[in-house]
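S.K.: Got a structure here, written out as structure tokens. Questions coming.
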Amino acid sequence: MATSLQFQITSTARFSSFKTAPSNSTSNSRSITIPSIGRLTSSCCINYHRQPLTAKASLSVELPTTSAKDIDGDSSKILLEVKDLTAVIAETKQQILKGVNLVMREGEVHAVMGKNGSGKSTFSKVLVGHPDYEVTGGTVIFKGENLLDMSPEERSLAGLFMSFQSPVEIPGVSNIDFLHMAYNARQQKLGRPELDPLQIYQIISPKLELVKMDSSFLNRNVNEGFSGGERKRNEILQLAVLGAEVAILDEIDSGLDVDALQDVAQAVNGLLTAQNSVLMVTHYQRLLDYIKPKYVHIMEDGRIIKTGDVSIAKLLDKEGYKAIA
Ligand SMILES: Nc1ncnc2c1ncn2[C@@H]1O[C@H](COP(=O)(O)OP(=O)(O)OP(=O)(O)O)[C@@H](O)[C@H]1O
Ligand SMILES: [Mg+2]
């Protein structure tokens, strides 16, 4: 089975470029064929027409001492360290990220808040290697390795997950096939045996219960015809099945009704361990009542301008951004 190709879809198919790509092939395109898996799919072909993300940051990266005590005396392992990250929109070269700094350690929940258009989603997408953006400076170290040197697929396989603010549809690919391919790609990377359709169902089934999704969603194409809330639940299902050491959740609370918000938050809390970490982008303090962050960062004009505890979010909720300036 073409497992490496299978996995490419699991990360790059999550970028919206697939939905709009024309069907003819060009020299810039990558053609990905998804083989049939079990009873559920026939093969299909998706063209990928974007230039790969080019990391222009310096390659001479100084690795952080991942277990050394820092200035605050925190000795837990650093999972992600972002230093002076700058990035532009690939097509127009407009600068969006203007020097982002962030350190995430094992077991920590971080929240990023900020006005519309301040760069939160861009930051998240740059971290997972979205081809719409080009890194122009700074460094990102993920588990001691230079993240900017990795392809989106490698980032995903290394344990970086992102749930998109607007999850895309993947026509022709059923949810269960998507999860199956992604899961097996990870298995292969870890040198473990690939699972057959029955085995993968056994893995997915309890995760469906965790996110309170009906099993009928497995046979539907990824996000096709899903309501906004169903898409968000589906993103968390993917996280639950695939696992991640750093999960970036971009507005996981948007479009969720009160009950769904509690379900999703409960599921995320159920996935948190002392070894992983979550970065939540949100506009609302409400989410932070359910998933409690250690740090809240405020982003403004492509930079994190303030970091504190949850009291910042409470102040924001009460008095708006003027209280933060
Ligand atoms: N691919 C793109 N093409 C053109 N402009 C872009 C692109 N990506 C981001 N931008 C612009 O960059 C700025 C930051 O966008 P981004 O989506 O990161 O903001 P955000 O902080 O996530 O906002 P929101 O809270 O509304 O989701 C915006 O002005 C947006 O229009
Ligand atoms: Mg956004």
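Coordinate-derived values only; no laboratory data. Predicted model only: the values in this text are computed from it and were never measured. Cβ atoms come from the backbone with ideal geometry, glycine included; neighbour counts cover every protein chain shown.
S.K.: Taking a threshold of 32 Å on the Cα-Cα distance, which of the pairs K77/K322; K212/K314; K212/K294; K83/K212; K115/K292; K98/K232 fall above it? Please list the in-between numbers first.
M.R.: Details: K77/K322 35 Å; K212/K314 29 Å; K212/K294 27 Å; K83/K212 38 Å; K115/K292 21 Å; K98/K232 29 Å.
Cα-Cα > 32 Å for K77/K322; K83/K212; rest within.
S.K.: Whose amide H sits under 5 Å from the amide H of E145, counting only residues 5 or more places off or on another chain, with H placed in the peptide plane?
M.R.: none
S.K.: Please report how far the C-alpha centroid of segment 296-325 lies from that of segment 110-161, rounded to the nearest whole angstrom.
M.R.: 21 Å
S.K.: What order do you get for 80-88, 309-317 when each peptide is scored by the mean count of other beta carbon atoms within 10 Å, highest first?
M.R.: Details: 80-88: 21.1, 309-317: 16.4.
Going by the mean number of other Cβ atoms within 10 Å, highest first, we get 80-88, 309-317.
S.K.: For segment 149-274, would you read off the P(r) tail past 25 Å as a percentage of all alpha carbon pairs?
M.R.: Values: 1496 of 7875 pairs.
Here the long-distance tail beyond 25 Å is 19 percent of all Cα pairs in segment 149-274.
S.K.: If you look at just the Cα atoms of segment 81-147, how large are its Rg and its Dmax in Å?
M.R.: 11.9, 38
S.K.: Starting from 0.36 nm per residue, how many nanometres of slack lie between I203 and S151 once their C-alpha separation is accounted for? Walk me through the numbers on the way to the answer.
M.R.: Numbers: separation 52, 0.36 × 52 = 18.72 nm, distance 2.71 nm.
Full extension of this stretch gives 16.0 nm more.
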